[in-house]
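I have placed the structure first, in the form of C-alpha coordinates, so that the comments after it can refer back to it.
The values are calculated or read from the model by the stated rules, or taken from the named source; none is laboratory data. Computed from a predicted structure; not experimentally measured. Counting neighbours? That spans all protein chains shown, and the Cβs are built from the backbone with ideal geometry, glycine included. Note: accessible area is taken over every heavy atom of the protein model, side chains too, but ligands, DNA and RNA are not part of it. Shrake-Rupley method; radii C 1.70, N 1.55, O 1.52, S 1.80 Å.
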Amino acid sequence: MRFDILTLFPGLFRGVFEESIVRRAIDAGLVTIAIHNIRDYAPGKHRITDDAPYGGGGGMVMKVEPIAYALEAILGEDLPLRQKRTGLVEVPIVLLTPAGRLFSQAMAREFERYGRLVLICGRYEGVDERVSQLFATHEVSIGDYVLSGGEIAAMAIVEAVTRLVPGVLGDMRAIVEDSHSADLLEHPHYTRPPEFRGAKVPEVLLSGDHAEIARWRRREALRRTLERRPDLLEKASLSDQDRLWVEALRRGETPSQEGE
Ligand code: 6GU
(Lines give C-alpha, C1' and ligand atoms only; values in the text may rest on other atoms or scores of the structure.)
Protein backbone atom coordinates (compact mmCIF):
# COMPACT_ATOMS: atom_id res chain seq x y z
CA MET A 1 0.00 0.00 0.00
CA ARG A 2 1.34 3.41 -0.93
CA PHE A 3 0.18 6.69 0.58
CA ASP A 4 1.07 10.13 -0.80
CA ILE A 5 0.25 12.94 1.59
CA LEU A 6 0.12 16.59 0.49
CA THR A 7 0.50 19.01 3.38
CA LEU A 8 1.82 22.40 4.40
CA PHE A 9 3.09 20.82 7.64
CA PRO A 10 5.19 17.73 6.81
CA GLY A 11 6.83 17.79 10.23
CA LEU A 12 3.56 16.84 11.92
CA PHE A 13 3.75 13.32 10.44
CA ARG A 14 7.28 12.31 11.36
CA GLY A 15 6.77 11.28 14.98
CA VAL A 16 3.45 9.54 14.37
CA PHE A 17 4.72 7.40 11.49
CA GLU A 18 7.96 6.59 13.30
CA GLU A 19 6.12 4.69 16.02
CA SER A 20 3.25 2.23 16.12
CA ILE A 21 1.70 -0.17 13.69
CA VAL A 22 2.42 2.13 10.76
CA ARG A 23 6.16 2.01 11.46
CA ARG A 24 6.04 -1.79 11.64
CA ALA A 25 4.19 -1.95 8.33
CA ILE A 26 6.78 0.34 6.70
CA ASP A 27 9.68 -1.68 8.14
CA ALA A 28 8.08 -4.89 6.85
CA GLY A 29 7.88 -3.38 3.35
CA LEU A 30 4.07 -3.59 3.34
CA VAL A 31 3.45 0.16 3.31
CA THR A 32 5.18 3.17 1.76
CA ILE A 33 4.39 6.73 2.82
CA ALA A 34 5.61 9.76 0.87
CA ILE A 35 5.01 13.16 2.41
CA HIS A 36 5.00 16.11 0.01
CA ASN A 37 5.26 19.73 1.06
CA ILE A 38 2.70 21.66 -0.98
CA ARG A 39 4.90 24.75 -0.66
CA ASP A 40 7.57 23.01 -2.79
CA TYR A 41 5.14 23.10 -5.72
CA ALA A 42 4.03 26.73 -5.28
CA PRO A 43 5.26 28.94 -8.14
CA GLY A 44 7.07 32.25 -7.63
CA LYS A 45 9.89 33.44 -5.42
CA HIS A 46 7.60 33.62 -2.37
CA ARG A 47 5.99 30.19 -2.89
CA ILE A 48 2.58 31.47 -1.85
CA THR A 49 0.11 28.72 -0.98
CA ASP A 50 -2.94 30.69 0.16
CA ASP A 51 -4.79 33.91 -0.62
CA ALA A 52 -7.79 35.97 0.49
CA PRO A 53 -11.23 34.60 -0.48
CA TYR A 54 -13.07 36.02 -3.48
CA GLY A 55 -16.24 37.66 -2.22
CA GLY A 56 -14.58 38.78 0.99
CA GLY A 57 -14.85 37.45 4.51
CA GLY A 58 -12.22 36.27 6.96
CA GLY A 59 -9.50 33.65 6.77
CA MET A 60 -7.41 32.49 3.87
CA VAL A 61 -8.07 29.95 1.12
CA MET A 62 -5.54 27.41 -0.14
CA LYS A 63 -4.71 28.10 -3.77
CA VAL A 64 -5.41 25.55 -6.51
CA GLU A 65 -2.13 25.76 -8.48
CA PRO A 66 0.32 24.39 -5.89
CA ILE A 67 -1.97 21.42 -5.25
CA ALA A 68 -2.50 20.85 -8.99
CA TYR A 69 1.26 20.90 -9.68
CA ALA A 70 1.95 18.59 -6.74
CA LEU A 71 -0.67 16.07 -7.94
CA GLU A 72 0.69 16.14 -11.49
CA ALA A 73 4.26 15.66 -10.23
CA ILE A 74 3.21 12.68 -8.08
CA LEU A 75 0.72 10.99 -10.42
CA GLY A 76 1.72 12.25 -13.87
CA GLU A 77 0.12 14.93 -16.02
CA ASP A 78 -2.83 12.87 -17.25
CA LEU A 79 -4.14 10.69 -14.44
CA PRO A 80 -5.75 13.27 -12.15
CA LEU A 81 -7.85 14.91 -14.86
CA ARG A 82 -8.54 11.64 -16.66
CA GLN A 83 -10.11 9.89 -13.69
CA LYS A 84 -12.46 12.83 -13.10
CA ARG A 85 -13.38 12.86 -16.81
CA THR A 86 -14.02 9.13 -17.10
CA GLY A 87 -15.23 8.48 -13.56
CA LEU A 88 -12.86 5.48 -13.44
CA VAL A 89 -10.81 5.89 -10.27
CA GLU A 90 -7.35 4.30 -10.43
CA VAL A 91 -5.85 6.19 -7.48
CA PRO A 92 -8.30 7.84 -5.08
CA ILE A 93 -7.44 11.50 -4.51
CA VAL A 94 -8.94 12.34 -1.15
CA LEU A 95 -9.48 15.90 0.00
CA LEU A 96 -9.67 16.08 3.79
CA THR A 97 -12.27 18.61 4.83
CA PRO A 98 -14.87 18.93 7.60
CA ALA A 99 -17.40 19.29 4.75
CA GLY A 100 -16.62 15.80 3.44
CA ARG A 101 -18.41 12.47 3.77
CA LEU A 102 -17.90 10.79 7.12
CA PHE A 103 -14.96 8.34 7.18
CA SER A 104 -15.91 4.77 8.11
CA GLN A 105 -14.50 1.26 8.30
CA ALA A 106 -16.22 0.53 4.97
CA MET A 107 -14.36 3.47 3.41
CA ALA A 108 -11.07 2.21 4.90
CA ARG A 109 -11.69 -1.17 3.24
CA GLU A 110 -12.49 0.52 -0.07
CA PHE A 111 -9.27 2.59 0.05
CA GLU A 112 -7.14 -0.46 0.94
CA ARG A 113 -8.39 -2.29 -2.14
CA TYR A 114 -6.96 0.40 -4.45
CA GLY A 115 -3.44 -0.24 -3.14
CA ARG A 116 -2.65 3.46 -3.39
CA LEU A 117 -4.12 6.61 -1.86
CA VAL A 118 -3.44 10.33 -2.20
CA LEU A 119 -4.44 12.48 0.78
CA ILE A 120 -4.68 16.28 0.49
CA CYS A 121 -4.67 18.04 3.84
CA GLY A 122 -6.85 21.12 3.69
CA ARG A 123 -7.05 23.81 6.31
CA TYR A 124 -10.34 24.73 7.91
CA GLU A 125 -10.79 28.12 6.29
CA GLY A 126 -10.97 26.17 3.09
CA VAL A 127 -9.40 24.98 -0.14
CA ASP A 128 -10.22 26.53 -3.51
CA GLU A 129 -13.26 24.58 -4.76
CA ARG A 130 -11.49 23.78 -8.04
CA VAL A 131 -9.29 21.25 -6.21
CA SER A 132 -12.45 19.26 -5.63
CA GLN A 133 -13.95 20.05 -9.03
CA LEU A 134 -10.87 19.09 -11.07
CA PHE A 135 -8.97 16.52 -9.00
CA ALA A 136 -10.48 15.08 -5.83
CA THR A 137 -12.31 11.77 -6.26
CA HIS A 138 -13.42 11.80 -2.60
CA GLU A 139 -13.99 14.46 0.07
CA VAL A 140 -13.73 13.01 3.55
CA SER A 141 -14.21 14.17 7.15
CA ILE A 142 -13.35 12.12 10.25
CA GLY A 143 -16.14 13.49 12.44
CA ASP A 144 -18.43 16.33 13.36
CA TYR A 145 -15.92 18.66 14.97
CA VAL A 146 -13.47 21.18 13.55
CA LEU A 147 -9.71 20.61 13.33
CA SER A 148 -7.29 23.31 12.19
CA GLY A 149 -6.17 21.18 9.25
CA GLY A 150 -6.57 17.79 7.64
CA GLU A 151 -3.27 16.39 8.94
CA ILE A 152 -4.67 14.57 11.97
CA ALA A 153 -7.49 13.24 9.79
CA ALA A 154 -4.89 11.95 7.29
CA MET A 155 -3.04 10.19 10.11
CA ALA A 156 -6.28 8.52 11.22
CA ILE A 157 -7.01 7.31 7.69
CA VAL A 158 -3.44 6.05 7.15
CA GLU A 159 -3.64 4.06 10.37
CA ALA A 160 -7.12 2.66 9.68
CA VAL A 161 -6.15 1.58 6.14
CA THR A 162 -2.72 0.24 7.15
CA ARG A 163 -4.30 -2.12 9.69
CA LEU A 164 -6.24 -3.69 6.80
CA VAL A 165 -3.20 -4.39 4.60
CA PRO A 166 -2.70 -8.18 4.55
CA GLY A 167 0.17 -9.19 6.84
CA VAL A 168 0.19 -6.04 8.95
CA LEU A 169 -1.81 -7.44 11.86
CA GLY A 170 -1.06 -11.11 11.16
CA ASP A 171 -3.59 -13.40 12.84
CA MET A 172 -5.13 -10.48 14.75
CA ARG A 173 -6.92 -9.35 11.64
CA ALA A 174 -9.26 -12.32 11.54
CA ILE A 175 -10.36 -11.48 15.07
CA VAL A 176 -10.61 -7.71 14.67
CA GLU A 177 -12.41 -7.88 11.35
CA ASP A 178 -14.61 -10.80 12.35
CA SER A 179 -17.72 -10.35 10.24
CA HIS A 180 -20.03 -11.34 13.08
CA SER A 181 -18.78 -8.65 15.50
CA ALA A 182 -17.71 -5.97 13.00
CA ASP A 183 -20.95 -4.00 13.08
CA LEU A 184 -21.23 -3.81 16.89
CA LEU A 185 -19.16 -2.09 19.56
CA GLU A 186 -16.68 -4.42 21.24
CA HIS A 187 -17.43 -6.26 24.47
CA PRO A 188 -15.45 -5.21 27.60
CA HIS A 189 -11.96 -6.66 28.15
CA TYR A 190 -10.23 -7.67 31.39
CA THR A 191 -6.80 -8.95 32.37
CA ARG A 192 -5.13 -9.68 35.73
CA PRO A 193 -5.66 -9.02 38.60
CA PRO A 194 -9.10 -10.63 39.18
CA GLU A 195 -9.99 -7.84 41.62
CA PHE A 196 -8.74 -4.25 41.85
CA ARG A 197 -10.06 -1.80 44.49
CA GLY A 198 -13.21 -3.85 44.82
CA ALA A 199 -13.85 -4.00 41.08
CA LYS A 200 -14.08 -7.66 40.08
CA VAL A 201 -13.64 -9.40 36.75
CA PRO A 202 -17.00 -10.99 35.77
CA GLU A 203 -17.04 -14.55 37.09
CA VAL A 204 -17.91 -16.10 33.73
CA LEU A 205 -14.56 -14.99 32.26
CA LEU A 206 -12.72 -17.02 34.91
CA SER A 207 -14.91 -20.09 34.41
CA GLY A 208 -13.09 -21.66 31.46
CA ASP A 209 -16.49 -22.32 29.84
CA HIS A 210 -15.75 -21.00 26.37
CA ALA A 211 -19.27 -21.32 25.00
CA GLU A 212 -20.64 -19.38 27.97
CA ILE A 213 -17.87 -16.76 27.59
CA ALA A 214 -18.73 -16.28 23.92
CA ARG A 215 -22.41 -15.81 24.83
CA TRP A 216 -21.53 -13.29 27.54
CA ARG A 217 -19.29 -11.30 25.17
CA ARG A 218 -21.90 -11.19 22.48
CA ARG A 219 -24.56 -9.99 24.93
CA GLU A 220 -22.24 -7.31 26.37
CA ALA A 221 -21.43 -6.11 22.84
CA LEU A 222 -25.16 -5.82 22.17
CA ARG A 223 -25.71 -4.02 25.49
CA ARG A 224 -23.01 -1.45 24.80
CA THR A 225 -24.16 -0.88 21.26
CA LEU A 226 -27.77 -0.43 22.41
CA GLU A 227 -26.71 2.07 25.09
CA ARG A 228 -24.09 4.05 23.17
CA ARG A 229 -24.75 3.59 19.46
CA PRO A 230 -28.32 2.47 18.83
CA ASP A 231 -27.87 3.66 15.23
CA LEU A 232 -25.37 0.80 14.65
CA LEU A 233 -27.85 -1.75 15.93
CA GLU A 234 -30.30 -0.81 13.17
CA LYS A 235 -27.78 -1.84 10.49
CA ALA A 236 -26.20 -4.80 12.30
CA SER A 237 -26.81 -8.37 11.18
CA LEU A 238 -28.39 -10.00 14.22
CA SER A 239 -29.23 -13.63 14.90
CA ASP A 240 -32.57 -14.65 16.42
CA GLN A 241 -30.79 -15.08 19.77
CA ASP A 242 -29.32 -11.56 19.41
CA ARG A 243 -32.79 -10.12 18.87
CA LEU A 244 -34.12 -11.86 21.96
CA TRP A 245 -31.27 -10.42 24.01
CA VAL A 246 -31.77 -6.94 22.58
CA GLU A 247 -35.47 -7.08 23.44
CA ALA A 248 -34.61 -8.20 26.99
CA LEU A 249 -31.99 -5.45 27.29
CA ARG A 250 -34.52 -2.87 26.09
CA ARG A 251 -36.89 -4.02 28.81
CA GLY A 252 -34.01 -3.76 31.29
CA GLU A 253 -34.28 -7.44 32.12
CA THR A 254 -30.68 -8.67 32.08
CA PRO A 255 -28.23 -7.67 34.80
CA SER A 256 -24.96 -6.04 33.68
CA GLN A 257 -22.72 -8.89 34.85
CA GLU A 258 -22.74 -12.55 33.92
CA GLY A 259 -26.24 -13.59 34.99
CA GLU A 260 -29.21 -14.03 32.68
CL1 6GU B 1 -10.81 16.02 7.40
N2 6GU B 1 -10.43 18.42 8.41
C3 6GU B 1 -10.64 19.38 9.32
N4 6GU B 1 -10.03 20.55 9.16
N5 6GU B 1 -11.44 19.24 10.35
C6 6GU B 1 -12.06 18.06 10.48
C7 6GU B 1 -11.88 17.01 9.58
C8 6GU B 1 -11.05 17.24 8.52
N9 6GU B 1 -12.62 15.97 9.98
C10 6GU B 1 -13.23 16.37 11.10
N11 6GU B 1 -12.91 17.63 11.41
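Assuming charge only on the beta carbon of Lys and Arg (+1) and of Asp and Glu (-1), the dipole of the chain about its Cα centre is about 220 debye to the nearest 20. Against the main long axis of the alpha-carbon atoms of the chain, helix 105-114 sits at an angle near 50°. In this Cβ point-charge picture (+1 for Lys and Arg, -1 for Asp and Glu), segment 179-250 has a dipole of about 220 debye about its Cα centre.
Restricting the calculation to alpha carbons of segment 64-124 gives Rg and Dmax of 12.3, 32 angstrom.
Segment 127-147 and segment 33-103 have Cα centres lying 10 Å from one another.
The tail of the calculated P(r) for segment 179-250, taken as Cα-Cα distances beyond 21 Å, holds 32 percent of the pairs.
Helices in the chain, meaning DSSP H runs of at least 4 residues, each add -39500 (n - 2.57). Divided by all residues, the mean residue ellipticity at 222 nm is -11500 deg cm²/dmol. Identify, among L249, G100, G208, the residue whose Cα sits farthest towards the positive end of the charge dipole of the chain, taking +1 on the Cβ of Lys and Arg and -1 on the Cβ of Asp and Glu, with the dipole about the Cα centre. With unit charges placed on the Cβ atoms, the residue in question is G100.
For segment 7-63, the percent of C-alpha pairs falling in each 5 Å distance bin, counted from 0 to the bin holding the largest distance, reads 4, 16, 17, 16, 13, 11, 10, 8, 4, 1. Cross-link partners of K63 among aspartates and glutamates, defined as those whose alpha carbon lies under 18 angstrom from its own and excluding same-chain residues fewer than eight positions apart: D40, D50, D51, E72, E125, D128, E129, E139, E151.
The string of couplings for segment 155-161 from the Karplus curve (6.51, -1.76, 1.60, θ = phi - 60°) is 4, 4, 5, 4, 5, 4, 6 Hz, one whole number per residue in order, with x for Gly and Pro. Pairwise inverse Cα distances across the chain, averaged and inverted, put the Kirkwood hydrodynamic radius at 21.3 Å. Summing Cβ point charges (Lys, Arg +1; Asp, Glu -1) relative to the Cα centre of segment 1-110 gives a dipole of roughly 140 debye. Accessible surface for the chain, divided over its residues, is 57 Å² per residue with a 1.4 Å probe. Share of carbon and sulfur in the accessible area of the chain stands at 51%, probe radius 1.4 Å. Computed over segment 179-250, relative contact order equals 41 percent, with contacts defined as Cα pairs under 8 Å that lie 6+ residues apart.
For segment 109-175, the set of GluC sites (Glu not before Pro) satisfying both a DSSP loop assignment and a count of at most 16 other C-beta atoms within 10 Å is given as E125.
GNM remark for the chain: springs join alpha carbons under 10 Å apart, and the peak mean-square fluctuation among L119, L96, L206 falls on L206.
Our compactness index for segment 43-155, the C-alpha radius of gyration over the empirical 2.2 N^0.38 Å, is 1.08.
When you restrict to C-alpha pairs under 8 Å that are six or more residues apart and normalise by the size of the chain, the relative contact order lands at 18 percent.
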